1. Show the residue pairs that are 6+ apart or on different chains and have beta-carbon atoms under 7 Å apart, the first residue being within the range 27-43 and assigned to a strand (DSSP E or B) and among the hydrophobic types (A, V, I, L, M, F, W, C), the second being modelled with pLDDT of 85 or more and surrounded by 11 or more Cβ atoms within 10 Å (Cβ to Cβ).
2. Could you please give the count of residues in the range 86-113 that are at pLDDT 90 or above and either surrounded by fewer than 11 Cβ atoms within 10 Å (Cβ to Cβ) or more than 21 Å from Leu194 (Cβ to Cβ) (or both)?
3. If you go through the range 189-223, how many residues are touching a helix residue (DSSP H, G or I) at 6+ places or on another chain (Cβ under 6 Å), open to solvent by 10 Å² or more (accessible area, probe 1.4 Å) and closer than 16 Å to Ala166 by Cα?
4. State all residues of the range 147-174 that are farther than 16 Å from Leu227 by Cα and either free of Cβ contacts under 8 Å to residues at least 12 places away in the same chain or open to solvent by less than 20 Å² (accessible area, probe 1.4 Å) (or both); if no residue qualifies, say none.
5. Just one of Val210, Val237 is modelled with pLDDT of 90 or more, farther than 16 Å from Lys103 by Cα and among the hydrophobic types (A, V, I, L, M, F, W, C); which is it?
6. Pairs only if they're at least six apart or on different chains, beta carbon under 9 angstrom, first in the range 256-272 and free of Cβ contacts under 8 Å to residues at least 40 places away in the same chain and under 13 Å from Ser332 (Cβ atoms), second surrounded by fewer than 17 Cβ atoms within 10 Å (Cβ to Cβ) and among the acidic types (Asp, Glu); list them, first residue then second.
7. Please go through the range 44-71 and give me each residue that is surrounded by fewer than 20 Cβ atoms within 10 Å (Cβ to Cβ) and β-branched (Val, Ile, Thr), ordered by number.
Amino acid sequence: AVVQLRVHGVTWFVFLRWLLSMSRPVDAAPLVKVDTSDLPPTEKRWAVTCLETCYKEIFLKERAGSRRDKLEEISEKMKVLMDSKFGAEWHCLLGSDFGFALKCRKQTVAVMRVGALRLVLYKSPAIEQVKPVVNWAQETPTAEELAECRRGLRVLHSEAASSLEAAMLESLAHTLLSFHDKRTVDSQTAAIRLRTLLSRAHEGIWHVSVGHELTPQTARDRQDFVLCRVEPLKLTVVMFRHSQVGSSKLDLRKLLSVAQPLFLCLLLLHFYLSNRLCSSSSPLSVFPSVDLSPSSSPSSVVNQVDDELTSAYIPAATGTTDMAVSPYCEYSHSVFFALVVCASIATVAKFMLKRADRALRKAA
């Protein structure tokens with residue numbers, strides 16, 4: 001009977017545990033998936049949070065506007081949030097199916113997916129050391145083929161000179177004609193080939209993206225930006241040049257997190273030194289060079305005090321005498337005031353940065 005009671009007890013315990021596990025909510029899969037990223041952890045978490053929030057608020061909710069308008073709004077907000085948080089100039093590419101060929105700065109790249117959309121965030125480098133080479137068998141198209149391909153290209157927006165724009169469109173035509181099957185063009189391969197041709201023919205760091213539903217948000221100081229449409233293939237092509245000088249590695253948030261306790265420690269050290277060196281009860285403040293150790297004889301101490309008094313009292317032109325004061329003691333109050341001001345500035349700046357971060361999080 002005891003054994004049966006124990007068996008029934010264990011059975012009921014296992015059954016209740018199973019019921020509890022079934023009643024617990026199952027964590028949903030993350031909405032944003034990171035394909036590849038070399039961003040620091042802080043920037044990566046910020047980018048993932050912003051993309052998830054923008055996607056929920058703009059794309060998933062029932063809002064007026066076309067799909068294209070919603071994609072442009074998400075792309076624009078992502079760029080604004082990254083620029084305001086980590087400094088300009090970020091590039092943001094958003095679309096459903098696209099390829100890209102570009103040069104980027106280290107620790108500034110993130111490729112993420114949310115739903116059926118793909119997002120690319122990155123910053124431009126300052127220089128490009130190695131020029132790309134053609135690594136495919138390129139056949140020279142005839143003039144008729146080039147003219148026919150050019151007729152299928154429609155420029156939506158251009159900031160390049162007319163001669164450069166014509167050369168860029170010709171490179172695009174050569175890229176499209178390099179595929180054996182002109183009806184199916186791989187976006188990633190097309191982007192790499194087009195950037196190769198542009199980099200060989202023109203100086204600068206080129207950025208190219210090719211795909212469907214492509215909504216780019218690029219740096220404000222971009223050069224020779226061309227946005228065109230390949231009508232037969234329903235492809236959007238983005239081409240532009242941009243280079244960016246490296247920003248300072250100084251992290252203001254880390255500096256402020258260290259500065260506040262540092263100034264407090266300096267204040268404590270200042271109080272200690274003031275009491276030890278500048279207090280009237282301390283013999284060192286009157287006779288700083290006198291050796292008062294037990295091993296010193298009384299006669300040597302008297303001689304040292306006599307020498308100290310001789311050097312400490314300096315006759316002035318008026319006939320009065322003044323006691324020589326240590327430079328640290330002379331400027332003690334100024335040092336204290338400077339440390340208090342610096343500690344206050346560090347505290348206020350840290351508080352303002354926290355408020356700015358909360359405001360950015362709410363805006364996201």
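The values are calculated or read from the model by the stated rules, or taken from the named source; none is laboratory data. Values in this document were obtained by computation on a predicted structure and should not be read as measured data. In this analysis, Cβ positions are derived from the backbone assuming ideal geometry, glycine residues included, and neighbour counts consider all displayed protein chains. For the accessible areas, the whole protein counts, side chains as well, though only heavy atoms, and no ligand, DNA or RNA atoms are used. Shrake-Rupley method; radii C 1.70, N 1.55, O 1.52, S 1.80 Å.
1. Val32/Val48; Val32/Leu51; Val32/Glu52; Val32/Met112; Val32/Val114; Val34/Val48; Val34/Ala110; Val34/Met112
2. Result for the range 86-113: 4.
3. Going through the range 189-223 one residue at a time, the tally reaches 1.
4. Within the range 147-174, the first condition is being farther than 16 Å from Leu227 by Cα, and the residues that meet it are 147-149, 174.
Selection gives Ala147, Glu148.
5. Values: Val210 fails: farther than 16 Å from Lys103 by Cα.
Of the residues listed, the single one that is modelled with pLDDT of 90 or more, farther than 16 Å from Lys103 by Cα and among the hydrophobic types (A, V, I, L, M, F, W, C) is Val237.
6. Going by the 9 Å Cβ cut-off, there are no qualifying pairs.
7. Of everything in the range 44-71, those that are surrounded by fewer than 20 Cβ atoms within 10 Å (Cβ to Cβ) and β-branched (Val, Ile, Thr) turn out to be Thr49, Thr53, Ile58.
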